[in-house]
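Structure first, then comments.
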Amino acid sequence: MEKSGREEDALRLAMPPLQTWYRANARDLPWRRLRTPYTVLVSELMLQQTRVEAVKERFVRFTERFPTAEALASASEEEILKEWEGLGYYSRARNLHKAAKIIAREGFPRTWVGVRALPGVGDYTAGAICSIALGLPEPAVDGNVLRIVTRFFADPAEIDDVRVKKRYSSLLREVYPPETGEFTEALMELGAIVCVPNGAPMCGACPWSALCKAHLRGEETAYPVRREKRERRREDHTVLVIRCRDKFALVRRPEKGLLAGLYGFPFGDPAPYRILASKRAKHIFTHIEWDMTGYLVETDEEQEGYLWATAEEIRYRYALPSAFSAFTEWVRPRS
Ligand code: ADE
């Protein structure tokens, strides 16, 4: 999708049916009842990693116990963590405590930059808080919103690409109606109950069914497009930990390719040596998997072509990559 006037116009035309639909179908969620910027902050942080159903009751309890930023700021971390119990991801509670102290001291921020600077607030949460609590035309774009808009435009762009998120954020920013919070939550709602993430969307109930390109083509589930997962190539290697008295053989890996220029154990054949131990290990790189059989072997002669290093040097000087870490337990001074 190119950012163009046409896309903007198409989205703008889609606003009224979305608003009408949302007003008739919005779920009655506790954080939508009585709102302050502070309660929006609390609910959005809770909703970051916890399902709506699980947040409902806990949000009510939390905001009854700590109804304002000042109340939360003056509570102890222990009390707050206790109240957060069971929600998981406790750094959110600690961040909320820090944010409340800032707000109690300086007031609630009035700009996107100010909101985004609060602890625990990323781009998505900043957009949600700004549009819902402050009336600013700032979108909250996550996977749900990207699913809706890529279907709407039948856009084959890969949504894992951060530029796609940026493009849609700026497009949405252009079309925000004055009811900013309502629009943000209408998009969330559409993604949660109609244009659902797993399985077929409920296009029969969708306010955009006459406008959605993917639906008009009968290709809803072809979007969003994700970057193709590349297959990992499997490689078998025999890794030698060759010991000669108190030293071990290292090789410097080639300047190109995996672990370029780093020191590692040589690959090779254990047959010429005395074999003391062996074990298997696996290491997964982004595109390659090493299935390794490692041998601890012994020799009386420091052969050429290797760098011979003591256990201490290997530990402190050559810092072997973690691909070899299954075998570094063999690198010890001889007992
Ligand atoms: N997920 C994140 N924020 C939300 C909100 N305000 N309403 C419903 N679901 C959400």
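The values are calculated or read from the model by the stated rules, or taken from the named source; none is laboratory data. Quantities reported herein were computed from a predicted structural model and do not represent experimental measurements. Neighbour counts run over all protein chains shown; Cβ positions are idealised from the backbone, glycine included. Side chains are part of the model used for accessible areas, which takes the heavy atoms of the whole protein and leaves out ligands, DNA and RNA. Shrake-Rupley method; radii C 1.70, N 1.55, O 1.52, S 1.80 Å.
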When the charge dipole of the chain is computed with +1 on Lys and Arg Cβ and -1 on Asp and Glu Cβ about the Cα centre, the Cα farthest towards its positive end, among Thr50, Ser322, Ile102, belongs to Ile102
When only alpha-carbon atoms are used, what values of Rg and Dmax, in angstrom, describe segment 1-44? 15.4, 39
For segment 313-335 and segment 176-254, what is the separation of their C-alpha centers, rounded to whole Å? 37
Which lysines does Lys279 reach when only Cα atoms under 23 Å apart count, and residues fewer than 8 places away in its own chain are ignored? Lys247
Hey, any idea what % of the chain's accessible area is carbon plus sulfur with a 1.4 Å probe? 49
Nothing charged except the Cβ atoms of Lys and Arg (+1) and of Asp and Glu (-1): what's the magnitude of the dipole of the chain about its Cα centre? Round to the nearest 20 debye. 160
Base-10 log of normalised Debye intensity for the chain (one unit scatterer per alpha-carbon) at q = 0.07 Å⁻¹: -0.51
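Taking the inverse of the average 1/r across all pairs of different Cα atoms in segment 1-143, what Kirkwood radius in Å do you get? Numbers along the way, then the final one.
Numbers: mean 1/r = 0.0612 Å⁻¹.
The answer is 16.3 Å.
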Taking only Cα atoms and a 10 Å spring cutoff, compute GNM fluctuations for the chain and point out the largest among Ala126, Ala323, Ala222. Ala323
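Expressed as a whole percent, how much of the Cα-Cα distance distribution for segment 233-330 exceeds 20 Å?
On the way: 1551 of 4753 pairs.
Of all Cα-Cα distances in segment 233-330, 33 percent exceed 20 Å.
Roughly what % of DSSP beta bridges within segment 233-330 run antiparallel, to the nearest 5?
On the way: 19 of 30 bridges.
Close to 65 percent.
Have a look at the DSSP beta bridges in the chain and tell me what percent are antiparallel, nearest 5.
On the way: 19 of 31 bridges.
So the antiparallel bridges amount to about 60 percent of the total.
Highest mean first, what order results for 53-59, 215-221 on Cβ atoms within 10 Å?
Details: 53-59: 15.9, 215-221: 13.4.
Top of the packing list down: 53-59, 215-221.
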Per DSSP H run of n ≥ 4, the term is -39500 (n - 2.57); total these for the chain, divide by its residue number, and report the mean residue ellipticity at 222 nm rounded to 500 deg cm²/dmol. -13000 deg cm²/dmol
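Return one whole number: the accessible area per residue of the chain in Å², for a 1.4 Å probe. Could the numbers behind the result be given before it?
Values: 17850 Å² over 335 residues.
Result: 53 Å² per residue.
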